[in-house]
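Undergrad: I'd like to ask you about the structure that follows.
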Amino acid sequence: MAAQAEREHLITPALPANRSGYGTVEDARDAMSKFVVNNVAGESGRKLPQYIAGLAASGGALAAGTFLGWTAPTDKPLTVEGEYGFPVSDEQFSWVGSISNLGAALMCFPIGYMMKLIGRKWSMLAMVLPLVLGWLLIIFAENVAMLMVGRFFLGVGGGAFCVAAPTYTAEIAQPSIRGTLGTFFQLMVTVGILFVYAVGAGVDVQVLSIICGVIPLVFGAIFFFMPESPYYFVEKGRYSEAASSLKWLRGAQYDENAEIEDLKQADEKVKAEAIPMLVAFRQKATVRALAISLGLMFFQQLSGINAVIFYNSAIFASANGGKEMSSASIIVGGIQVVATLLASVVVDKVGRRILLLVSDLMMAVSTILLAVYFQLKQDDPAKVDDLSWLAVLAVCLFIAMFSIGYGPVPWLMVGELFANNVKAFASPVAGVFNWLLAFLVTKVFTNLKDAMGEAGVFWLFSGISLLGTVFVFLVVPETKGKSLNDIQRILAGEKLNADEPAGLPEPRDERDERPAQVA
């Protein structure tokens, strides 16, 4: 049953793509920005085609959001009401929900190779196949095994989109709108989750699954007509096709020659700076960046997000006099959408550490309130009759603070902490670790609840959140406004002078400053 919460794992992550010895997409964008930073005031070309291509690519995020949100409205119909005609126990449903995380973890490395081999566009179109196959298995499921295999395939396709779609969007967009296009992905994931909550409240499981299965087909039909990333063509030496792609994206009157030359330089830089994995992990800055990244992923997944999401329906029902509220999940989904939008606005203004500190501290406060609520309810249910509003407030506050801080910021910092020449293997390691933690927490939550009780689980999560706050305060550096070179110097233990230049030789792409939210 707790598996319904695994959707929180992705409010979407976008990992930097693995480029197998050639660096990462961030390498290209860092180099690209050198040209546009000096010419952004005179940036030419049409923006509308870029918005169209960006929105089309974000259709994959919508598809990912639907499979992430699917477990919430289907839990009770499958486990209690037996809607599919065969029994599904709570333990089996925990596998149905959590196994998609294993599918997503499996794709963290392969999708990078696919994007390098066949391109960003065709890699995303190829992911329509596992998504459709997964939904077909769920729609026509005759036993729990078919549900599990279907969910695994959905994880494969959805997890790949979380890497490929933001990469594609970052490569097709001009710097002046790259940040805006970068928010499309995370926003569409939360919209997809909210969509499933809303539709699932009014239809049965099979109809909901059919509707969800249509979405990747619509995505494929639309995205088929979008151009390939110009950087991919440059990487392959297909310069005429790169020019055609830029003409599509910037308009027929756009002079693409300067941008193609810059892309060539970026590609040469990526290849020149590539280093072996073993060499990379002997560097102090890389080791510290990996420790920080894995620590943030650990505290993100063990913050209590699964427990809070799992109990939101029960808490809302308690506030409604014991009656089930079909709108509970919809309210939570709406909070996620609004908070995600807010996060994309404030993260560049207030800084990463502040968001993480405030987010984790307030999540700890929220779970403490919930622990007290469930403890009182366990001792004497009559004691909480007048406190239901406080429990509902705690849930809403927790969801909002998670979505604005510990949801998106860890993924944002993964893109900022690693040097360009190690992101190819370091970033996917963080991604695999995160997805595996999501699987573990989702799978064992029911067993943990049975062993410790509801109050005990929330006391545990509040303690972990407080520990995470201390971790951020003592270990995590602020990266806002710092160049990639400055961040590497900080991680290596150097002190930056207050009057030192802000690292202009290595500007970062605007998208690296935006949250690609993966809870």
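The values are calculated or read from the model by the stated rules, or taken from the named source; none is laboratory data. Remember, it's a predicted structure, so these values are computed and weren't measured experimentally. Neighbour counts are summed over all protein chains in view; Cβ atoms, including those assigned to glycine, are modelled from backbone coordinates with ideal geometry. What goes into the accessible areas is simple: the full protein's heavy atoms, side chains included, and nothing from ligands, DNA or RNA. Shrake-Rupley method; radii C 1.70, N 1.55, O 1.52, S 1.80 Å.
Undergrad: At 7 Å along the Cα-to-beta-carbon direction for both Ala126 and Ser327, put a label point, then send me their distance in nm to one decimal.
TA: It works out to 4.6 nm between the two label points.
Undergrad: Quick check on my link table: of Lys76/Lys377; Lys284/Lys449; Lys284/Lys480; Lys443/Lys482, which ones sit more than 30 Å apart, alpha carbon to alpha carbon?
TA: Lys284/Lys449; Lys443/Lys482
Undergrad: If the chain between Asp386 and Val214 were fully stretched, how many nm would it gain, using 0.36 nm times the residue separation less the Cα-Cα distance?
TA: In short, 57.5 nm is gained.
Undergrad: Turning to a different aspect of this structure: Give the whole-number value, in cubic angstrom per residue, of the convex hull volume spanned by the C-alpha atoms of the range 45-226. Before the final figure, lay out the partial values.
TA: Numbers: hull volume 18.4 nm³, N = 182.
About 101 Å³ per residue, rounded to a whole number.
Undergrad: Another question, if that's okay. Whole-Hz ³J(HN,Hα) for each residue in the range 404-409, computed from phi via Karplus 6.51 cos²θ - 1.76 cosθ + 1.60 with θ = phi - 60°, x for glycine and proline: what do you get?
TA: The phi angles translate into 8, x, 6, x, x, 5 Hz.
Undergrad: According to a simple spin-label model (label point 7 Å from Cα along Cα-to-Cβ), what is the distance in nm between Ala258 and Ala272?
TA: Placing both labels 7 Å beyond Cα along the Cβ direction yields 2.2 nm.
Undergrad: Any chance you could run the full-extension gain for Lys495 through Arg238? It's 0.36 nm times the residue separation minus the Cα-Cα distance, nm to one decimal. Write out the running numbers ahead of the final one.
TA: Values: separation 257, 0.36 × 257 = 92.52 nm, distance 4.39 nm.
In short, 88.1 nm is gained.
Undergrad: Ranked highest first by the average count of other Cβ atoms within 10 Å around their residues, in what order do 193-199, 65-71 fall? Don't skip to the end; give the middle numbers.
TA: On the way: 193-199: 22.0, 65-71: 30.6.
In decreasing order of mean packing, 193-199, 65-71 become 65-71, 193-199.
Undergrad: Which lysines, on any chain, are close to Lys116 with Cα under 16 Å apart, when same-chain ones fewer than 8 places away are left out?
TA: Reachable lysines: Lys236, Lys264, Lys271, Lys423.
Undergrad: Right, another one. For the range 193-294, what is one quarter of the convex hull surface built on the Cα atoms, given in nm²?
TA: 11.8
Undergrad: Further question on the same structure: Ignoring everything but the protein chains, give the 1.4 Å probe accessible area of Phe93 in square angstrom, nearest 10.
TA: Around 0 Å² of this residue is reachable by solvent.
Undergrad: Whole-Hz Karplus ³J(HN,Hα) for the range 264-274, in order, using 6.51 cos²θ - 1.76 cosθ + 1.60 and θ = phi - 60°, x for Gly and Pro?
TA: Here the 3J(HN,Hα) series is 4, 4, 4, 5, 5, 5, 4, 5, 5, 9, 5 Hz.
Undergrad: Suppose each label sits 7 Å from its Cα in the direction of the beta carbon; what would the Glu91-Ala201 distance come out to in nanometres?
TA: My value for the distance between the label points is 3.4 nm.
Undergrad: Let me ask another. Only sites in a loop by DSSP and with at most 12 other Cβ atoms within 10 Å count here; which trypsin sites (Lys or Arg not before Pro) in the range 134-242 make the cut? All intermediate terms of the calculation are to be shown ahead of the outcome.
TA: Numbers: sites: Arg151, Arg178, Lys236, Arg238; in loops: Lys236, Arg238.
Answer in residue order: no site qualifies.
Undergrad: Next question. Using a Förster radius of 45 Å, what is the FRET efficiency between Ala145 and Leu341 based on their Cβ-Cβ separation? Nearest 0.05, please. Don't skip to the end; give the middle numbers.
TA: Working: r = 39 Å, r/R0 = 0.88.
Working from the Cβ atoms, E equals 0.70.
Undergrad: With the alpha-carbon atoms as the only input, what is the per residue convex hull volume for the range 278-494 in Å³?
TA: On the way: hull volume 25.9 nm³, N = 217.
So the per-residue hull volume is 119 Å³.
Undergrad: Okay, moving on. For the range 126-215, what number results from the quotient of the Cα radius of gyration and 2.2 N^0.38 Å?
TA: 1.26
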